[in-house]
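Read the figures in this text as sums done on the coordinates, not as results from a lab. Quick caveat, the model's predicted, so the values are computed rather than measured. When we count neighbours, we look across all protein chains shown, and the Cβ atoms used for this are built from the backbone with ideal geometry, even at glycine.
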Amino acid sequence: MDILPILSTLRRHKLTAWLLILEIALTCAIVCNAVFLISQRLQRMDMPSGVAEHELLQIQVADVLKPVNPYARAQEDLAVLRQVPDVQSVAFSNQVPFGGSSSNGNVLLDPNQPQRTLNATTYFGENLVSTMGVQLVAGRDLRPDDFVDVETALKGLRTGDSKSLPHVTLITRTLAGRLWPGQNPLGRLIYLTPTVGLRVVGVLASLVRPNAYDAATAQYTMVVPVRMGADKSESYIIRTRPQDRARVLGAALAVLKKADPQRVVTTQRSFDEVRSRFFKDDRAMAGILLGVIIALMIVTALGIVGLASFWVQQRRRMIGVRRALGATRADILHYFQTENFLLATLGIALGMALAYGINLFLMLHYELPRLPAVYLPVGAVLLWLIGQLAVLGPALRAAAVPPVVATRSV
Amino acid sequence: MFGYYLDLALRSLKRSRGLTALMVLSIGLGVASCMTTLAVFRAASGDPIPWKSSRLFVPQMGIWQESARNADGEPLDALTYTDAMALMRDHRAARQSAIYAIAPAVFPARSGQHPSTVGGYAVYGEFFRMLDVPFLYGQGWTSQEDAAAAPVVVLSRALNLKAFGGIDSVGRMLDVSGHDYRVVGVTDDWNPQPVFYDVFGSGGFTPEGPGLFMPFTRAIAAKLSNGRTACDKEPTQPGFAGLKQSDCVWITFVAQLDSAAAARAYRRYLDDYAGEQRRAGRFGGKPNNRLRDLPAFLDAEHVVPGDTKVMLLVALGLLVVCLVNTVGLLLAKFLRRSAEIGVRRALGAPRGAIHAQFLTEAGVIGLAGGTLGLGLTWLGMIEIRLVLPPRLAALAQLDGSLLLATMATAVLCTVLAGLYPSFRAARVQPAWQLKSS
């Protein structure tokens with residue numbers, strides 16, 4: 001296909017051609033960045049939790065009147081929950097992965113260091129690792145004799161009596177790698193305060209924080225052997241088969257209600273719901289961005305259709321002359337397709353530069369990462385496709401112009 | 001004359017239906033997507049109490065050791081019980097209130113209903129006047145009732161409906177967490193977003209407004225447990241008593257300061273207080289106090305997620321693309337009509353008349369596009385409700401000013417888009433034009 005005649009024709013429509021190029025460039029730049037933003041959201045929503053999510057249920061209850069002995073109450077509740085048919089395991093935890101509300105501690109490697117090394121979340125509760133299906137990659141799980149009651153631990157903290165404090169902890173592989181890169185973490189000490197030293201006895205493959213808002217620190221997790229009493233902020237975690245979840249949840253609520261009819265169930269959900277709730281905003285944002293991209297594509301396509309049909313109408317005589325001189329329908333079709341391809345390519349080239357510019361601006365002002373180069377071809381291909389699709393109709397109409405038009409005066 | 005131009009415009013638009021439809025659709029889509037995104041994010045980033053926000057202040061104090069502080073150097077956005085009580089006692093602001101979130105069990109007065117936990121706040125009586133909380137019945141409690149830790153309660157309209165069937169329940173008794181409370185007021189629906197009086201606990205947005213309020217002093221006496229707590233060290237004593245004595249922060253605070261001088265004085269007072277506590281050994285680390293007015297505080301707290309601004313940029317980009325698109329199409333359409341312009345100029349039409357004619361035509365397209373955009377915005381709002389989490393979707397209201405903005409944007413865009421083509425068209429030499437055709 002000869003490009004020069006196309007260019008010389010376009011030179012007669014400089015302003016409109018440039019506007020179309022500008023439109024394509026803007027669309028390309030916005031689409032590249034929006035697709036990147038969407039993919040970041042999707043990536044975040046895929047964040048691994050390290051637990052058997054499809055097999056877990058969470059229940060929280062609030063007592064109207066405080067139980068006399070909250071520890072006994074918790075143990076009774078756990079016992080009745082274990083009796084529910086199809087329940088495989090039950091744990092009592094201060095927090096749940098992706099639950100939002102979290103307990104966190106400052107980690108020190110040396111009890112006397114002035115600044116914390118990092119901030120990690122602390123899971124408390126018995127049976128946690130086995131119930132949630134967290135994979136232990138080194139060392140051992142927590143044993144019943146490791147556990148200390150919350151109030152005993154608090155008293156130990158107050159009096160400085162280290163005997164009544166927990167002594168061991170499990171940490172995630174990520175946390176171990178961050179604290180002691182390339183070394184064996186087992187047997188090493190972590191300090192939560194200068195008096196609370198915890199020896200690492202086990203390493204977990206993965207266990208996400210309840211407050212995993214930042215992917216870099218999402219796996220900074222410890223499990224500390226502290227036993228809690230029944231309270232509205234703690235959760236019962238139940239493991240069962242995926243297909244039994246709804247039934248088991250109903251039965252579990254019934255036995256908990258039966259144990260104390262006065263109490264109020266504040267949370268009852270599967271872990272799938274926990275995850276979907278945690279990432280709701282990300283999903284919404286991705287949805288809106290997708291809507292904007294589609295709207296943008298439609299608008300650009302409409303612009304191309306409009307301008308192309310206008311040009312076809314304007315050049316009917318020229319088309320007729322070309323047909324009369326022996327050009328085939330395909331030649332005319334290709335002429336308009338090539339013209340659009342040229343405009344789109346120019347627009348895309350400009351758009352890529354613009355996309356990088358916008359990304360730089362976003363990086364500077366909104367803490368976004370750099371746009372990977374892989375998104376540029378995505379935008380380019382999308383716009384080429386849109387352009388070709390949009391121009392097809394007008395180009396076919398042009399190809400249908402009969403040669404006899406050449407002989408008519410306007 | 002305008003009627004004539006309107007007639008001309010309609011005739012011209014009828015001649016090229018396809019192109020007209022494209023322009024209208026393009027404007028409609030652009031305006032609608034831009035307005036829908038704006039509706040959501042303007043609401044999310046809005047001022048929750050615009051008529052008063054510059055007079056409401058949030059005192060913050062850095063009280064922990066350097067090692068426990070935030071990396072960005074911002075002090076905590078809540079106070080300890082000790083400090084909140086000291087600020088209340090000294091009472092240096094025109095109005096002020098310590099605030100904490102409670103969720104007591106409420107036993108409805110009507111039989112046959114189950115107890116349920118109701119989210120609310122423990123506040124001082126001045127809270128309602130300070131934040132202009134609207135009342136349906138009754139009013140807030142007095143400072144005497146604050147001092148006496150009186151068992152009184154203010155209900156939300158929703159809780160009043162649930163507990164008392166929506167009647168004027170002032171003077172009635174309600175069982176809250178096992179004790180009788182006298183209802184002194186019922187608020188109208190009130191849920192300003194962001195939840196500026198409890199950013200610490202709410203994170204900024206809640207789908208439901210507070211269900212009940214009770215005196216702060218009473219909630220403390222009844223040991224009603226709080227929502228979020230942030231600690232440097234574990235409290236040295238267990239339970240509520242330990243929390244009250246600890247360096248944990250869990251109480252938010254709002255003060256009304258009516259003049260710049262009052263704000264300065266309060267800032268000085270805050271610095272003096274923190275200095276005193278630091279000398280006494282209660283506060284660690286370097287002095288780090290803040291007294292920001294509400295807009296500045298919300299900004300510093302990053303209540304509005306960064307995404308929101310990115311989304312606004314995207315929406316704006318979309319509008320720009322639509323504008324460029326429409327300029328291109330209008331240009332194509334108008335420049336084609338040089339023959340017609342030539343005839344009109346030759347017959348004596350001044351340039352102004354050509355401008356007016358073309359601007360009328362552009363305006364008609366703009367109005368049509370705006371009307372379409374209005375409809376599409378409405379559809380967009382429905383989609384928003386499906387896609388967005390309720391707490392954000394509830395914010396997205398299609399209000400009158402937005403409607404007006406939609407129309408104005410559409411017409412302005414197209415008139416701007418029509419300006420250049422009409423300018424060029426009006427400059428066409430009539431003689432040259434007549435000759436060539």
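Using Cα pairs closer than 8 Å and at least 6 residues apart in sequence, work out the relative contact order for the range B:53-300, in percent.
Numbers: 498 pairs, mean separation 84.8, N = 248.
After rounding, I find 34 percent.
Rounded to whole Å and ordered largest first, report the semi-axes of the equivalent ellipsoid of the range B:79-143 derived from its Cα gyration tensor (root of 5λ).
For the range B:79-143, the ellipsoid semi-axes come out as 28, 17, 8 Å.
Could you estimate the translational diffusion coefficient of the range A:53-278 from the Stokes-Einstein equation, with Rh from the Kirkwood formula over C-alpha pairs, at 4 °C and 1.567 mPa s, in whole µm²/s?
Details: Rh = 18.1 Å.
Stokes-Einstein gives a translational diffusion coefficient of 72 µm²/s.
Output needed: Cys residues of the protein assembly as shown lacking any neighbouring Cys C-beta below 4.7 Å, sorted by number.
A:28, A:32, B:34, B:322, B:413
For the range A:93-149, what mean projected area does the convex hull of the alpha carbons give, in nm²? All intermediate terms of the calculation are to be shown ahead of the outcome.
Details: hull surface 22.0 nm².
The orientation-averaged projected area of the Cα hull of the range A:93-149 comes to 5.5 nm².
Using Cα centres only, tell me the gap between the range A:159-208 and the range A:280-350 in whole Å.
For the range A:159-208 versus the range A:280-350, the Cα centre distance is 62 Å.
Can you compute the charge dipole magnitude of chain A about its Cα centre, using +1 on each Lys and Arg Cβ and -1 on each Asp and Glu Cβ, nothing else charged? Give it in debye, rounded to the nearest 20.
In debye, rounded to 20, chain A gives about 1480.
Tally the DSSP beta bridges in chain A and give the antiparallel ones as a percent, rounded to 5.
Values: 29 of 40 bridges.
Given both bridge residues lie in chain A, the antiparallel proportion sits at roughly 70 percent.
Taking every pair of distinct Cα atoms and averaging 1/r, then inverting, what Kirkwood hydrodynamic radius in Å comes out for chain B?
Values: mean 1/r = 0.0387 Å⁻¹.
Roughly 25.9 Å, rounded to one decimal.
Rounded to the nearest 10 degrees, what's the angle between the helix A:329-366 long axis and the longest principal axis of chain A, both from Cα atoms, 0 to 90?
40
Counting DSSP beta bridges with both partners in the range B:53-300, what percentage is antiparallel, nearest 5? Working shown, then result.
Numbers: 31 of 39 bridges.
Looking only at bridges with both residues in the range B:53-300, the antiparallel portion is about 80 percent.
Rounded to the nearest 5, what % of DSSP beta bridges with both residues in the protein assembly as shown are antiparallel?
Close to 75 percent.
Computed over the Cα atoms of the range B:53-300, what is the ratio Rg over Rh, Rh following Kirkwood?
Details: Rg = 18.2 Å, Rh = 18.7 Å.
Taking Rh as the inverse mean 1/r over Cα pairs, Rg/Rh reads 0.97.
Above 43 Å lies some portion of the pair distances; for chain A, what is it as a whole percent of all C-alpha pairs? Don't skip to the end; give the middle numbers.
Working: 33598 of 83845 pairs.
In whole percent, the long-distance tail amounts to 40.
Calculate I(q)/I(0) for the range A:35-178 by the Debye formula, one identical point scatterer on each C-alpha and no solvent, and give its log10 at q = 0.12, 0.21 Å⁻¹ to two decimals.
-0.68, -1.65
In the structure shown, do any of A:257/B:162; B:52/B:162; B:52/B:309; A:155/B:223 have a Cα-Cα gap over 26 Å, and if so which?
Numbers: A:257/B:162 23 Å; B:52/B:162 32 Å; B:52/B:309 24 Å; A:155/B:223 21 Å.
Pairs exceeding 26 Å: B:52/B:162.
Please build a GNM for chain B, connecting alpha carbons under 10 Å apart, and tell me which residue among B:138, B:62, B:352 fluctuates the most.
The residue that fluctuates most here is B:352.
May I have the extent of the alpha carbons of the range A:186-297 along their three principal axes, as whole Å values ordered from largest to smallest?
The principal-axis extents, from largest down, are 60, 44, 26 Å.
By how many degrees, between 0 and 90 and to the nearest 10, does the Cα long axis of helix A:280-314 differ from the longest principal axis of chain A?
Helix A:280-314 sits at roughly 0 degrees to that axis.
Based on DSSP H runs of at least 4 residues, each adding -39500 (n - 2.57), what is the mean residue ellipticity at 222 nm of chain A after dividing by all its residues, to the nearest 500 deg cm²/dmol? Mind showing how you got there, number by number?
Values: 12 runs with 205 residues, N = 410.
Value at 222 nm, helices only: -17000 deg cm²/dmol.
Given bins 20 angstrom wide, list per bin the percent of all Cα-Cα distances in the protein assembly as shown, short to long.
Over the protein assembly as shown, the share of Cα pairs per 20 Å bin runs 13, 36, 29, 17, 5, 0 percent.
Enter the angle in degrees (range 0 to 90, nearest 10) between the Cα long axis of helix A:70-83 and the first principal axis of the Cα atoms of chain A, meaning the one along which they spread out most.
Roughly 70 degrees, rounded to the nearest 10.
How about the range A:292-375: which trypsin sites (Lys or Arg not before Pro) there are in a DSSP loop, with at most 15 other Cβ atoms within 10 Å of their Cβ? Can you show the working numbers first?
Numbers: sites: A:315, A:316, A:317, A:322, A:323, A:329, A:370; in loops: A:315, A:370.
Hits after loop and neighbour filter: A:370.
What is the spread of the Cα atoms of the range A:337-410 along each of their three principal axes, largest first, in whole Å?
On the principal axes, the range A:337-410 reaches 63, 21, 15 Å in Cα extent.
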